Amino acid sequence: MRILLVGEFSRLHNSLKEGLVALGHEVVLINNGDGFKNFPSDYSNRAILCESKLGNIPRQIIYRTTKFDISKIERGIRFYFHLNKLKNFDVVQLINEAPIQTTQKFEFYLLKKIFKQNKKVFLLCSGVDYMTLNHMLQKKERYSIMNPYFEKVVEAKEQYAFMFNYLTKIHQKIHHFLYENISGVIATDLDYVNPLKENPKYIGMVPNPINLTQIEYKKLDISGKINIFLGINSGNSFKKGVHFFEKALEIIEEKYKDKLNIQITTNIPYKQYISIYNDCHILLDQVYGYDQGYNALEAMAKGKVVFTGADKEFLEYYHLKEDEVAINALPDVNDLVEKLSFLIENPSKLIEIGQKASDFLKKEHDYIKIAEKYLEKWIN
């Protein structure tokens, strides 16, 4: 089967491609690298000129005066010049409703081209889109990444501005076009199930694929200090609830300064990010999720103890006990401090949870098993 994967968030499509290729399929991946993460692709629509040192100067000037990012135009143009190579695929999958990440009118034009020159097209519900944003704005969940927005946290305002692009008239046209023409929409984790479950195009959830052949499980060494790692993406730090982690770490550092090391990084490329956290025992991921994102899953596969989304919906779906394979991180500083304190004072629990986390990944997220699940969705 010939398969085209359009767009990339958090390495999902790269891992899926690796699983599909292992099963004997021909797969082409086009994306823009997902910003500073710089994920690989077969064809790139990265805004190379606008993101260069020289090109970034006018880009920043224009953005500060107009709030428009000219790199969007370059991404669209580069995608356009790849169109002749993006035809006659058996299956196309879009990473979300704006997979090309160009201007909305250009996005609409290019997406229509993709539909016209290919067979079946599927959509992933991954990240924010029209469906998920509407769902969150109606406050249908106990908490969501919109909490800082609802709480009117001034510093968070800019991080939410782009999300409302999904409510504009032109994007609503894109949304309706997609749902009229796709063969199905797939949720990539439990956070996206509720916004979709009543939609007739929803064909189920498929967990994130993790290429476990590229990840080495290593039993945690608790003979020395406990290492805690927090990797910050400044573009979505409030949506991840990083401010809760930062406050909790201040308390923990003062309380256990002789027992631990804390490392915090900001906006580093993916390869550097994963190499830095290799020595940590505890990784702090996010507080506003009900399921794990990609970074959390890769760390769990390595045997790290991850503070992330692992709420009751996750426990019920996978038949797990609370904090069995990951620590459920809630938007509550005191709760985070209590859970961190327990692990620091009982380091043997780190080994136990890390081992169970790795076993869980092998059972539920192996990239070849997940690739097979995608094939079932596409064929049926």
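The values are calculated or read from the model by the stated rules, or taken from the named source; none is laboratory data. All of these numbers come straight from a predicted model, not from anything done at the bench. Here Cβ is always computed from backbone atoms with ideal geometry, including for glycine, and neighbour counts include all displayed protein chains. Heads up: the accessible areas ignore ligands, DNA and RNA and are worked out on the full protein's heavy atoms, side chains in. Shrake-Rupley method; radii C 1.70, N 1.55, O 1.52, S 1.80 Å.
Below, the figures for the structure above:
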read-out	value
Flag if residue 13 is surrounded by fewer than 19 Cβ atoms within 10 Å (Cβ to Cβ), under 29 Å from residue 376 (Cα atoms) and touching a strand residue (DSSP E or B) at 6+ places or on another chain (Cβ under 7 Å)	no
Test: residue 68 is in a loop (DSSP other than H, G, I, E, B), open to solvent by less than 60 Å² (accessible area, probe 1.4 Å) and modelled with pLDDT under 90	no
From 93, 60, 117, residue being over 24 Å from the mean Cα position of the chain (by Cα) and closer than 20 Å to residue 184 by Cα	117
Some residue of the range 129-139 being out of contact with any strand residue (DSSP E or B) (no Cβ under 8 Å at 6 or more places or on another chain), basic (Lys, Arg) and either part of a helix (DSSP H, G or I) or touching a residue at least 40 places away in the same chain (Cβ under 8 Å) (or both)	no
Residue pairs meeting the criteria (Cβ under 6 Å; at least 6 apart or on separate chains; first surrounded by 18 or more Cβ atoms within 10 Å (Cβ to Cβ), in the range 37-50; second acidic (Asp, Glu))	39/8; 47/74; 50/74
Test: residue in the range 320-331 that is part of a loop (DSSP other than H, G, I, E, B), within 21 Å of residue 224 (Cα to Cα), at pLDDT 95 or above and in contact with a strand residue (DSSP E or B) (Cβ under 6 Å, 6 or more places away or on another chain)	no
Identity of the residue in the range 322-365, of a type outside the set (A, V, I, L, M, F, W, C), touching a Leu at 6+ places or on another chain (Cβ under 7 Å) and buried (at least 20 other Cβ atoms within 10 Å of the Cβ), that ends up nearest to residue 282 (Cα to Cα)	354
Hits in the range 335-379 (condition: over 20 Å from the mean Cα position of the chain (by Cα), within 19 Å of residue 5 (Cα to Cα) and touching a residue at least 12 places away in the same chain (Cβ under 8 Å))	372, 375, 377, 378
Among residues of the range 257-275, those that are open to solvent by 60 Å² or more (accessible area, probe 1.4 Å), part of a helix (DSSP H, G or I) and touching a helix residue (DSSP H, G or I) at 6+ places or on another chain (Cβ under 8 Å), counted	0
Of all residues making up the range 73-121, the number that are open to solvent by 60 Å² or more (accessible area, probe 1.4 Å) and in contact with a Cys (Cβ under 9 Å, 6 or more places away or on another chain)	1
Failed condition for residue 357, given (1) assigned to a loop (DSSP other than H, G, I, E, B); (2) under 19 Å from residue 226 (Cβ atoms); (3) touching a Gly at 6+ places or on another chain (Cβ under 9 Å)	(1)
